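What follows is calculated from the coordinates using simple rules that are stated; it is not laboratory data. Please read all numbers here as calculations on a predicted model, not as lab measurements.
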Amino acid sequence: MRKLESLRKHMMAALAHRGLKDNPSDLHFAIPSGSTIAQNRGGSDRGFEYRYTLSMGIFDCAWSFDEIILPLMIWVERWQPELLSLAAGAGGIAWEVDQLDDGKSDILVKIPITETVFLKIRPDGGHDLTRPEEPVPFALEPATPLHRVYMDGELIVACAHEVE
């Protein structure tokens, strides 16, 4: 599961100032449920998609909930951006916080994840299993601002302060 490892590294780096570098066991990950969906893209290309719930837990946590959610949302923006528009009940990110008597909390975050795998036919027989890179969301692509947009050579959209 590539996204599990990616999220683990991201959160360890983001929370290093809270001692996770020295105590990595304070951050727990599990996949309590998942499924595999076959994808036939037509022709000879075959593949499947892993769909799973990734549970991330931080127990006896004395930090702000925001310190956990902010780096998580930055990761989600890049690796699972469709979750930014979903409420938990609609398949988005869900979480639970259990306030402990000592002022600390047990925090459990549940993140729905998808990962695609393709099987490409080899010219010499057999198949290669490939895992495509996740596309960079449009909003995160390095580019110039969309101050002017043209279609067939005609200006169709322009920001007022950028029009000559």
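With springs connecting C-alpha atoms under 10 Å apart, model the chain as a Gaussian network and identify which of D102, D152, D124 has the largest mean-square fluctuation.
Among D102, D152, D124, the largest mean-square fluctuation in the Gaussian network model of the chain belongs to D152.
Tell me which aspartates and glutamates have Cα within less than 13 Å of K110's Cα, excluding those fewer than 8 residues away on the same chain?
Once the sequence-local aspartates and glutamates are set aside, what remains near K110 is E96.
Within straight cross-link reach of K104, meaning Cα distance under 21 Å, which lysines are found once same-chain residues fewer than 8 apart are removed?
K21
Please work out whether the chain counts as rounded, prolate or oblate from its C-alpha gyration tensor, where a ≥ b ≥ c are the square roots of the eigenvalues and a/c under 1.5 means rounded, while otherwise a/b larger than b/c means prolate and anything else oblate? Working shown, then result.
Details: a/c = 2.36, a/b = 1.24, b/c = 1.90.
In terms of gyration-tensor shape, oblate.
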